[in-house]
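The values are calculated or read from the model by the stated rules, or taken from the named source; none is laboratory data. Only a predicted model underlies this, so the values are computations on that prediction, with no experimental measurement involved. For neighbour counting, all protein chains shown are included, and Cβ atoms are generated from backbone atoms with ideal geometry for every residue, glycine included.
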Amino acid sequence: MFFTDTISLSTKGFCDIIDITPQVRSILKESSVADGLVTIFCPGSTGSITTIEYESGVLQDLKRALEKIAPSDIPYKHDERWGDGNGFSHVRAALMKPSLSVPVVSGKMTLGTWQQIVFIDFDNRERHREIMVQIMGD
């Protein structure tokens, strides 16, 4: 069985981190899948899906680490070509990846106690995002 739905988000950009775990759980419940796999995917090249403990300190730590890895204030060839100033957001999204798959057992995602699913918007402006959630299983 396959079940597909979307999560609509309005984001602020600039490393906006949004906990989407409750929405994914709701979609999983609606699917009636007991055992299988849920995949969460962000269409686009300036956003990412990952897991993290959704706690303010670690969220700030992640933002600081990403700023060191792909600084927002250095020249990027992408910006030279397109003039949109979001080269850093493309690099960050490529490093963090656009999707995540989580096993489903007995109708529940096998997330750890402090592990939430988050969407991160790296773009340099507000955006509307449609996150794809696809569930496969029995």
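Tell me whether the stretch 31-40 contains one or more residues that are of a type in the set (A, V, I, L, M), in contact (Cβ under 8 Å) with a residue 40 or more places away in the chain and over 19 Å from Gln116 (Cα atoms). There is at least one residue in the stretch 31-40 that is of a type in the set (A, V, I, L, M), in contact (Cβ under 8 Å) with a residue 40 or more places away in the chain and over 19 Å from Gln116 (Cα atoms).
Among the numbered conditions (1) more than 18 Å from Asp19 (Cβ to Cβ); (2) part of a strand (DSSP E or B), the only one that Asp79 does not meet is (2). What residue, of Phe122, Phe88, is without any contact (Cβ under 8 Å) to a residue 60 or more places away in the chain, over 15 Å from Val38 (Cβ atoms) and crowded, with 20+ Cβ neighbours inside 10 Å? Step by step, each of Phe122, Phe88 is checked, and only Phe88 is without any contact (Cβ under 8 Å) to a residue 60 or more places away in the chain, over 15 Å from Val38 (Cβ atoms) and crowded, with 20+ Cβ neighbours inside 10 Å.
Kindly provide the set of residues from the stretch 1-28 that are of a type in the set (Gly, Ala, Ser) and part of a helix (DSSP H, G or I), ordered by number.
Of the residues in the stretch 1-28, the ones of a type in the set (Gly, Ala, Ser) are 8, 10, 13, 26.
Residue satisfying the conditions is Ser26 alone.
Screening Thr51, Thr113 for residues that are surrounded by fewer than 17 Cβ atoms within 10 Å (Cβ to Cβ), among the hydroxyl-bearing types (Ser, Thr, Tyr) and not in a loop (DSSP other than H, G, I, E, B) leaves exactly one candidate, Thr51. In the stretch 57-64, is there at least one residue being in a helix (DSSP H, G or I), under 28 Å from Met109 (Cα atoms), among the small types (Gly, Ala, Ser) and at pLDDT 95 or above? Yes.
Out of Ser26, Ser10, one residue alone is of a type in the set (Ser, Thr, Tyr) and exposed (fewer than 12 other Cβ atoms within 10 Å of the Cβ). It is Ser10.
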